[in-house]
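Notes follow once the structure below has been shown.
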């Protein structure tokens, strides 16, 4: 398969339904122009953090240079301008997720913070001794450790959905885990270590038939797939801006208003209150009840700009192009002798995990870096996944819509060099 020919064919096909100009898109990302060790950068670590396009960078600079002030309460021009931009970003995210109400969109520091908010605000209030929480074998540590902490505090039990040798969850086993003690489910939408796309809509329906609320970790899904929380009917959904071409330090928790109203605030302080005396505090209305203190205003506005950019490119276009990248990479890397693919589910999103026989993944990553190829190596904060597949770590190439087939070829060339050096 000729990468250049395939590139033109695929992009031309995408353009027949909606504009998708890869060259123009790449020009929006100045960091892609740098070289590493004299080689063009092939940035294939997007599951860790995606790069920011120029419109997002420009929006951050605009805020810092012409709009910066603390939000809410003040009546001066800068504060009102900053508040309008901050709350305007919330409305953009509401539309992006198709949340029913703007107040269901809570700003957090990221996906991890959002999960911890639900653990503290809902779990600590409504779960108790012998109650059970279902998670999956594919979870990031951020969707395991908070629930373990709750189990240790409250005497709850953690139940685990197993996966098969391809990295797909065993849904029959999932259904068997439910019983009278099941009180919560927390599952990932897309595995960060394997790229498996879980059938979360069906899993949500299974939980709801038993009256059990469910949280979906969407950190790896929101940048790559259409997310419609009303269609999914999830009770909680969370994601991080830095994986969505936005800044670090900001994320989103979507929660159904009925649950958020019942929950206790995760943190106390300014802006999450209506009134305070030494005898009593009355909490603010949603969403502010969960947003204590001065927030990362610039980051929230940057996230709004990132949502605008992703929406302009088109999430369907993004998904289609990334599917082509992943298919090509799977053919090229998966066809190499001495390379083992980890995670071969039928439905995957933008992640290719692999090991090279006889070579530690850290060495693979080091040599690939010499070729200008940026990949992630290690357990990817998903050690139970590594244990399931009998490996200590993997090399992970993860794609974004600004990557090219030529960069996949650069990855393959780098892997061949790894094999030669360790032959």
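The values are calculated or read from the model by the stated rules, or taken from the named source; none is laboratory data. This structure is a prediction, so every number in the text was calculated from the model and none was measured. FYI the Cβ positions are ideal-geometry reconstructions off the backbone, even for glycines, and counts take in every protein chain you see.
If I ask for residues that are more than 19 Å from the chain's Cα centre (by Cα) and more than 27 Å from residue 130 (Cβ to Cβ), which ones from region 179-216 would you list?
Going residue by residue through region 179-216, those that are more than 19 Å from the chain's Cα centre (by Cα) are 179-184, 202, 205-213.
Matches in region 179-216: 202 only.
Of everything in region 251-273, what is farther than 17 Å from residue 233 by Cα and out of contact with any helix residue (DSSP H, G or I) (no Cβ under 7 Å at 6 or more places or on another chain)? Give them in sequence order.
Answer for region 251-273, where residues must be farther than 17 Å from residue 233 by Cα and out of contact with any helix residue (DSSP H, G or I) (no Cβ under 7 Å at 6 or more places or on another chain): 261, 262, 267, 268, 269, 270, 273.
Which of the residues belonging to region 242-275 are over 20 Å from residue 86 (Cβ atoms), surrounded by 13 or more Cβ atoms within 10 Å (Cβ to Cβ) and at pLDDT below 95?
264, 268, listed by residue number.
Can you name the number of the only condition in (1) assigned by TED's automatic domain parsing to the domain that holds residue 170; (2) assigned to a helix (DSSP H, G or I) that residue 268 fails?
Condition not satisfied by residue 268: (2).
Condition check: outside the structural domain of residue 139 (by TED's automatic domain parsing), crowded, with 19+ Cβ neighbours inside 10 Å, over 24 Å from the mean Cα position of the chain (by Cα) and part of a helix (DSSP H, G or I). Does residue 411 satisfy that? If you could, list the steps in order and put the result at the bottom.
Values: outside the structural domain of residue 139 (by TED's automatic domain parsing): yes; crowded, with 19+ Cβ neighbours inside 10 Å: yes; over 24 Å from the mean Cα position of the chain (by Cα): no; part of a helix (DSSP H, G or I): yes.
No.
Please count how many residues of region 232-250 are in contact with a helix residue (DSSP H, G or I) (Cβ under 7 Å, 6 or more places away or on another chain) and either outside any loop (DSSP other than H, G, I, E, B) or outside the structural domain of residue 124 (by TED's automatic domain parsing) (or both).
Here is the first cut: in region 232-250, the residues in contact with a helix residue (DSSP H, G or I) (Cβ under 7 Å, 6 or more places away or on another chain) are 232-241, 244-250.
Next, from what is left, pick out any that are either outside any loop (DSSP other than H, G, I, E, B) or outside the structural domain of residue 124 (by TED's automatic domain parsing) (or both): 232, 236-241.
Within region 232-250, residues that are in contact with a helix residue (DSSP H, G or I) (Cβ under 7 Å, 6 or more places away or on another chain) and either outside any loop (DSSP other than H, G, I, E, B) or outside the structural domain of residue 124 (by TED's automatic domain parsing) (or both) number 7.
For residue 188, indicate whether it is more than 19 Å from residue 123 (Cβ to Cβ) and modelled with pLDDT of 95 or more. Working first, answer last.
Numbers: more than 19 Å from residue 123 (Cβ to Cβ): no; modelled with pLDDT of 95 or more: yes.
Criteria not met by residue 188.
In contact with a helix residue (DSSP H, G or I) (Cβ under 6 Å, 6 or more places away or on another chain) and within 22 Å of residue 240 (Cβ to Cβ), is that true of residue 296? It would help to see each step written out before you state the result.
Values: in contact with a helix residue (DSSP H, G or I) (Cβ under 6 Å, 6 or more places away or on another chain): no; within 22 Å of residue 240 (Cβ to Cβ): yes.
Judged against the criteria, residue 296 is not a match.
Inspect region 7-20 for any residue being outside any helix (DSSP H, G or I), within 24 Å of residue 375 (Cα to Cα) and either assigned by TED's automatic domain parsing to the domain that holds residue 195 or modelled with pLDDT under 95 (or both) and give the result as yes or no. Break it down stepwise before answering.
First pass over region 7-20, keeping only residues outside any helix (DSSP H, G or I): 16-20.
Applying the additional criterion that residues be within 24 Å of residue 375 (Cα to Cα) yields none.
No; the residues of region 7-20 include none that is outside any helix (DSSP H, G or I), within 24 Å of residue 375 (Cα to Cα) and either assigned by TED's automatic domain parsing to the domain that holds residue 195 or modelled with pLDDT under 95 (or both).
When you check residue 223 against the structure, is it part of a loop (DSSP other than H, G, I, E, B) and more than 21 Å from residue 314 (Cβ to Cβ), yes or no?
Working: part of a loop (DSSP other than H, G, I, E, B): yes; more than 21 Å from residue 314 (Cβ to Cβ): no.
When the stated conditions are applied, residue 223 does not pass them.
Per-residue answers, yes or no, for (1) touching a residue at least 12 places away in the same chain (Cβ under 8 Å); (2) under 29 Å from residue 23 (Cα atoms); (3) surrounded by fewer than 16 Cβ atoms within 10 Å (Cβ to Cβ):
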| residue | (1), (2), (3) |
| --- | --- |
| 359 | yes, no, no |
| 363 | yes, no, no |
| 367 | yes, yes, no |
| 375 | yes, yes, no |
| 381 | yes, no, no |
| 390 | no, no, yes |
| 393 | yes, no, no |
| 405 | yes, yes, no |
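Just to verify a result, which residue in region 274-291, among those that are in a loop (DSSP other than H, G, I, E, B) and out of contact with any helix residue (DSSP H, G or I) (no Cβ under 8 Å at 6 or more places or on another chain), is nearest to residue 106 (Cα to Cα)?
Going through region 274-291, the residues in a loop (DSSP other than H, G, I, E, B) turn out to be 277-280, 284-287, 291.
Filter again for out of contact with any helix residue (DSSP H, G or I) (no Cβ under 8 Å at 6 or more places or on another chain), leaving 277-280, 284, 291.
Values: 277: 26, 278: 27, 279: 28, 280: 24, 284: 13, 291: 7 Å.
Top of the filtered list is 291.
Quick check: anything in region 304-317 assigned to a loop (DSSP other than H, G, I, E, B) and either on the phi > 0 side of the Ramachandran plot or within 23 Å of the chain's Cα centre (by Cα) (or both)? Before you say what the answer is, go through the steps one by one.
Going through region 304-317, the residues assigned to a loop (DSSP other than H, G, I, E, B) turn out to be 314.
Filter once more, so that each one left must be either on the phi > 0 side of the Ramachandran plot or within 23 Å of the chain's Cα centre (by Cα) (or both): 314.
Yes, region 304-317 has at least one match.
Exactly one of (1) modelled with pLDDT of 95 or more; (2) within 22 Å of residue 191 (Cα to Cα) is unmet by residue 350. Its number?
Of everything listed in (1) modelled with pLDDT of 95 or more; (2) within 22 Å of residue 191 (Cα to Cα), residue 350 misses just condition (1).
Any idea which residue in region 68-88 is surrounded by the most Cβ atoms within 10 Å (Cβ to Cβ), counting only those that are in contact (Cβ under 8 Å) with a residue 24 or more places away in the chain and not in a helix (DSSP H, G or I)? Working first, answer last.
Keep residues of region 68-88 that are in contact (Cβ under 8 Å) with a residue 24 or more places away in the chain, which gives 68, 70-72, 82, 85-86, 88.
Filter once more, so that each one left must be not in a helix (DSSP H, G or I): 68, 70-72.
Details: 68: 14, 70: 15, 71: 20, 72: 16.
Going through the qualifying residues, I end up with 71.
Which of the residues that make up region 205-219 are within 15 Å of residue 136 (Cα to Cα) and either out of contact with any helix residue (DSSP H, G or I) (no Cβ under 7 Å at 6 or more places or on another chain) or surrounded by 22 or more Cβ atoms within 10 Å (Cβ to Cβ) (or both)?
Of everything in region 205-219, those that are within 15 Å of residue 136 (Cα to Cα) and either out of contact with any helix residue (DSSP H, G or I) (no Cβ under 7 Å at 6 or more places or on another chain) or surrounded by 22 or more Cβ atoms within 10 Å (Cβ to Cβ) (or both) turn out to be 207, 214, 215, 216, 217, 218.
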